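Okay, so here's the structure we're looking at.
The values are calculated or read from the model by the stated rules, or taken from the named source; none is laboratory data. Here the structure is a predicted model, which is why all the values come from computation and not from measurement. All Cβ positions, even for glycine, are placed from backbone atoms using ideal geometry, and neighbour counts span all protein chains on display.
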């Protein structure tokens, strides 16, 4: 009996080791990491994640950014549908935000100032009189530490960063972790978490540009958009919120039902003129699983956006001008990409009526955003 038991235990142990080894081999096939350069003495990697369907996304630890999303159209033909560059040199010299994780405060802070507990903090200005996306030395511009979750059944990469006290003017030593998972259902799941040792403000997002025709193939004016938001955040001439949350009903900002991006973008409406198109935060209803959808009828590609955040910034590439050359030598032209950046509202530290973006010591900020791709 003892011998039979020992043999049984041996078989179980061998099976466990085989399964573990098999899973490790699968993980290595799903996640590939290659050195593409160095920046300020730190190694920069390109990480390729491949799911069971053979679809691929690529990321780099420079800015913890997405640089490639390859998904099929309704005919099964695959193409990359996000903005990026072919070399590390072109990433460094190109648009600083394409696909990057943006912080410590995504979007704008008026006059680069805010006050916490009676202390005024001054930030680096990089957008006229304002601070944009954490300042010129924000998280988009630094090399993150890179790891992988070996035991996951789906390809995953982990980026971590230590943001020191007073970096770009923000208080508190902050630890940030961003986990990307590329699921077998063609979902990019982005999990954010952050802690601080001093009271601070935080607004984190991913700044990917999308064109469901394929990046560099025409404009996005024919993309059909739905944003489940009954109101939006109007801005002034410096694109700073006025403090109002304006209902979208009856105006060209309304995407509660499907409209193409280009259908009303040229209308003589004050907010479209100020933004030179759509460049506004929508106040999400957060009542359903899916918060926004983008559909491109020629390819049949559909993108769904799911988030636990209160807002999403809809931007239509109004400042693209074709001077940046992306993957495969394709220029990124005017309105050839759109962004749906989940997060809090612009200038929230100076807008007491907006949802708070304060993070206190002892608390952990956690958030998840999903970009799901399919065809119809």
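A few points about this structure:
- Selection count, the stretch 251-285, where residues are loosely packed, with under 14 Cβ neighbours inside 10 Å and either in contact with a helix residue (DSSP H, G or I) (Cβ under 8 Å, 6 or more places away or on another chain) or modelled with pLDDT under 95 (or both): 1
- Filter result for residue 118 (modelled with pLDDT of 95 or more and within 16 Å of residue 167 (Cβ to Cβ)): no
- Test result for residue 95, surrounded by fewer than 19 Cβ atoms within 10 Å (Cβ to Cβ) and in a loop (DSSP other than H, G, I, E, B): no
- Count of the stretch 326-345 residues which are in contact with a strand residue (DSSP E or B) (Cβ under 9 Å, 6 or more places away or on another chain) and either outside any loop (DSSP other than H, G, I, E, B) or within 16 Å of residue 276 (Cβ to Cβ) (or both): 10
- Annotation: residue 219 fulfils all but one of (1) in a loop (DSSP other than H, G, I, E, B); (2) surrounded by 21 or more Cβ atoms within 10 Å (Cβ to Cβ); the unmet one is (2).
- Scanning the stretch 187-213 for residues that are crowded, with 21+ Cβ neighbours inside 10 Å and over 30 Å from residue 120 (Cα atoms) gives 188, 190, 208, 209, 210, 211, 212.
- Condition met for residue 297 (over 18 Å from residue 190 (Cβ atoms), surrounded by fewer than 16 Cβ atoms within 10 Å (Cβ to Cβ) and at pLDDT 95 or above): yes
- Output for the stretch 310-325, where each listed residue is over 28 Å from residue 368 (Cβ atoms) and either under 15 Å from the mean Cα position of the chain (by Cα) or part of a loop (DSSP other than H, G, I, E, B) (or both): 318, 319, 320, 321, 322, 323, 324
- Among residues of the stretch 273-292, those that are part of a loop (DSSP other than H, G, I, E, B) and free of Cβ contacts under 8 Å to residues at least 24 places away in the same chain, counted: 1
- Looking across the stretch 53-74 at every residue that is touching a residue at least 60 places away in the same chain (Cβ under 8 Å), surrounded by fewer than 24 Cβ atoms within 10 Å (Cβ to Cβ) and in a loop (DSSP other than H, G, I, E, B), the one that is farthest from the chain's Cα centre (by Cα) is identified as 74.
- Qualifying residue in the stretch 299-309 (condition: over 25 Å from residue 72 (Cβ atoms), under 18 Å from the mean Cα position of the chain (by Cα), assigned by TED's automatic domain parsing to the domain that holds residue 274 and part of a loop (DSSP other than H, G, I, E, B)): yes
- Residues (assigned to a loop (DSSP other than H, G, I, E, B) and farther than 29 Å from residue 52 by Cα) located in the stretch 175-197: 197
- Residue match in the stretch 232-242 (condition: within 30 Å of residue 118 (Cβ to Cβ) and out of contact with any helix residue (DSSP H, G or I) (no Cβ under 9 Å at 6 or more places or on another chain)): yes
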